[in-house]
Amino acid sequence: MNKPRVIFPYTEAGFGHIMPMRSVADEFERLYGDKVECVRSDFFTEGGDEKLIKLQDGFKKEVIKYNKSSFYGYLCMLGMNLVGPRGAVNAAMSLWKPGAKNGGIKHMDELAPDLVVSTHWATNYFAKKCKSKPLTAMYCPDAHLYDVFRYPCDLTLISAETGYKSALKHHPLRYNTQNLKLVPFLIRSEVFSAPTDKRAMRKKLGLDPDKFTVVLAEGGYGVGKMATICKLIIERDLPVTIVPVCGKNTELYKELLNLKVEGQTDCRPMGLVANIFEVLATADLFCGKSGASMIAETCFFGIPQIITEYATSIEQHNGEYYVKTVKSAMRIFKSRKVVDKIEEFLQHPERLKPFKEAAAAQHANYGATEAAKEIYKLLLTRFPELDKQEVKQGNEETKKEILPA
């Protein structure tokens, strides 16, 4: 038999959807690459369809708008709640960016999928609507299955136990223990080999190995309170190293580079970094918004978090999960109070210990192996012979890989 084609379509709407996709694609291919054809697709841009490109650009712009105005972010989520999963997705696809719907369905059929694995609701929608009728699996990186993630698919995966239980309780007609699975958080595989010695990593990055270090980040687009917090820390001359990670926000990066810093504070701005795990490994404390991947990755390293903003109800659920359930985070929205708390931890480091311990306790709840196995079980419902027969190797090029730019 020919190998079934499993499609992993990347979507940029922030970076919280790309990182889990890389994680599960890597692990699925490692485990089952001899039996299936793994196709990594830069779905919205690879075919050159201008309407699909504009759709993804629209996702990016919406994320930036949410971060600039939480009122707008909450309003959009309220609208989704009012019209429900099907209404929200159908409206977005049919009305928001005309022409993108047909282009997305067409391109999904061009990929000839047998199974589509999504970490964003849009590619799941195209998979459900295309003529190929593939199996569909979708991983929600957030702590709660909000409306567009409740659009029909064959298998839904989530990592937050609170979100899992809430979905089973409040949406019994949509979810059951067969089509909704609780799995460890999909973190990139390289994190498991990342260094954990803070002093050594600080030396490698040219930081003071003995100075209390705060990493700040506001997602891939760098929109938030980071600049204000950094300026207040410098103004108070706190004996800390601050590492603001600005992502794609080049204006913010230049602004922070040009800050006049004297005295005890060491400010080391960074742009969009490839070695984010090395940066996180230097931190005693993280400050930023509660994007799903960023806060989970800091928790993996045992780093307490100060959540400085909720851009949407999605981020609110994420934040509340780490504040109330995991208990590794604290919510402080006023910039001066954030700096007060940093100063408090400098004077009383023992007060940071419970948050460190709570973060460290989550260390085992990471990795893509269980998610990959659940997805493979879904594939077996249509291709049971995979575990019974040898698959045909075909030509030497057994996989297609189109990585996001």
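Structure summary
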| item | result |
| --- | --- |
| Count of the stretch 177-209 residues which are modelled with pLDDT of 95 or more and of a type in the set (Asp, Glu) | 1 |
| Inter-residue pairs, beta-carbon under 8 Å, first hydroxyl-bearing (Ser, Thr, Tyr) and in the stretch 201-216, second assigned to a loop (DSSP other than H, G, I, E, B), 6+ apart | 213/207; 213/282; 213/283; 213/284 |
| Sole residue being touching a residue at least 24 places away in the same chain (Cβ under 8 Å), crowded, with 22+ Cβ neighbours inside 10 Å and β-branched (Val, Ile, Thr), chosen from 183, 191, 116 | 116 |
| Long-range neighbours under 7 Å by Cβ, at least six apart or interchain, first residue touching a residue at least 40 places away in the same chain (Cβ under 8 Å) and over 9 Å from residue 246 (Cβ atoms) within the stretch 258-274, second assigned to a strand (DSSP E or B) and open to solvent by less than 70 Å² (accessible area, probe 1.4 Å) | 266/241; 268/241; 268/243 |
| Residue 131 among the basic types (Lys, Arg) and either outside any helix (DSSP H, G or I) or on the phi > 0 side of the Ramachandran plot (or both) | yes |
| Every residue from the stretch 96-106 that is out of contact with any Leu (no Cβ under 7 Å at 6 or more places or on another chain) and within 13 Å of residue 125 (Cβ to Cβ) | 96, 101, 102, 105 |
| Tabulated pairs, the stretch 324-338, first under 17 Å from residue 238 (Cβ atoms), second open to solvent by less than 20 Å² (accessible area, probe 1.4 Å) and in a helix (DSSP H, G or I), C-beta under 7 angstrom, 6+ apart or interchain | 332/338; 335/229; 335/232; 336/232; 338/229 |
| Residues satisfying the stated conditions in the stretch 15-45, i.e. open to solvent by 10 Å² or more (accessible area, probe 1.4 Å), in contact with a helix residue (DSSP H, G or I) (Cβ under 8 Å, 6 or more places away or on another chain) and in a loop (DSSP other than H, G, I, E, B) | 15, 16, 35, 45 |
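The values are calculated or read from the model by the stated rules, or taken from the named source; none is laboratory data. A quick note: this is a predicted structure, and the numbers were derived from the prediction, not measured. Neighbour counts run over all protein chains shown; Cβ positions are idealised from the backbone, glycine included. Protein only, heavy atoms only, side chains kept; ligands, DNA and RNA dropped before computing areas. Shrake-Rupley method; radii C 1.70, N 1.55, O 1.52, S 1.80 Å.
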